[in-house]
C-alpha cells in the first residue's frame, strides 16, 4: 500500500527544464531534504512499480495524453517522469530542494509551495498530487493546496488527489517504519478533501478507494496480490477500507 511522493510546504523559487543546480534553497532545510537520498529505496522496487503503473493508468483514463500536467508534491519525480514518457507535458513541483535534486533532468521542476502555486489561472489541463496531503498536516493548508490545484486547472480539466485512506488499519504500522513519515502527519479523510474541492469550484467530483498490495509482498507473489487487489476493489463495503482515497474533481 505504499506511496512514493513527497509533500509541498512553504516558500517558492522557480527553475526550468530540470536545471535544479541553478537554484538556491531559501530558508531552513525540510525533513525531506534530510531523507531525500534514502527516499527511492525506502520501499521494495516491485511494489513501488506496481503503484506507479496503477497511477499512470488512472491518470490516462481521466485525462488522456497529450495534456499539460502539474504534479504537486512530486518528490523525486518518479510519477512525473513516467507521465512524461506517456506523452504528457509535465511540471513537477515540490518544496524540498533535496528531493528535486534526486529527479531526472529532462523535466521542468519548480521549487514551490502547493498552497501558493506560482502559476497563472488555468495553466494546466490537469493537476495531480499523490501522498502529499498527509504531510501538509494543517487543515487550512490542505484546503489551500486543493484550492490552488483547482485554480491552475483549466475549465473542463481535472484535479486528481490521491492520498492515504484513514479507514485502512495498516497505515499507522507502515508509517512508523518509513523515513519520510518521521514528522508530523495527519491522514486526511475523503470527506475533508471533497468539501475542499467543492469549495474550490469543482463542477463534478468522483471518489475511488483502491490499493491492497502491501509493502511486504515478495516479488514472486505480486501477480497473485494484484489479482486479489482487483477483487477487493470491486467488493462492496470491503473496498471502503482500501489503502488510498482518490478524489477526482472536474472544473
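Checking 89, 84 one by one, the residue that is touching a strand residue (DSSP E or B) at 6+ places or on another chain (Cβ under 8 Å), without any contact (Cβ under 8 Å) to a residue 60 or more places away in the chain, over 30 Å from residue 221 (Cβ atoms) and surrounded by fewer than 18 Cβ atoms within 10 Å (Cβ to Cβ) is 89 and no other. Which pairs have Cβ atoms under 6 Å, sit 6 or more apart or on different chains, and link a residue in segment 183-204 that is more than 12 Å from residue 163 (Cα to Cα) to one that is at pLDDT below 95 and not in a helix (DSSP H, G or I)? Qualifying pairs under 6 Å: 184/137.
Tallying residues that are part of a strand (DSSP E or B) and under 21 Å from residue 133 (Cα atoms) within segment 37-95 yields 9.
Consider segment 144-159. How many of its residues are under 14 Å from residue 190 (Cα atoms) and either surrounded by fewer than 24 Cβ atoms within 10 Å (Cβ to Cβ) or more than 15 Å from the chain's Cα centre (by Cα) (or both)? Even if it seems obvious, please write down each step before you answer.
The initial filter retains those residues of segment 144-159 that are under 14 Å from residue 190 (Cα atoms), namely 146.
From the residues that got through so far, the ones that are either surrounded by fewer than 24 Cβ atoms within 10 Å (Cβ to Cβ) or more than 15 Å from the chain's Cα centre (by Cα) (or both) too are none.
Summing the residues that are under 14 Å from residue 190 (Cα atoms) and either surrounded by fewer than 24 Cβ atoms within 10 Å (Cβ to Cβ) or more than 15 Å from the chain's Cα centre (by Cα) (or both) in segment 144-159 gives 0.
State yes or no: is residue 95 modelled with pLDDT of 95 or more, in contact with a strand residue (DSSP E or B) (Cβ under 8 Å, 6 or more places away or on another chain) and buried (at least 21 other Cβ atoms within 10 Å of the Cβ)? No, not satisfied.
On the basis of being in contact with a helix residue (DSSP H, G or I) (Cβ under 9 Å, 6 or more places away or on another chain), in a strand (DSSP E or B) and farther than 22 Å from residue 203 by Cα, does residue 128 make the cut? Criteria not met by residue 128.
The values are calculated or read from the model by the stated rules, or taken from the named source; none is laboratory data. All figures in this text were calculated on a predicted structure; none of them were measured in a lab. Note: ideal-geometry Cβ built from the backbone for every residue, glycine included; neighbour counts use all protein chains shown.
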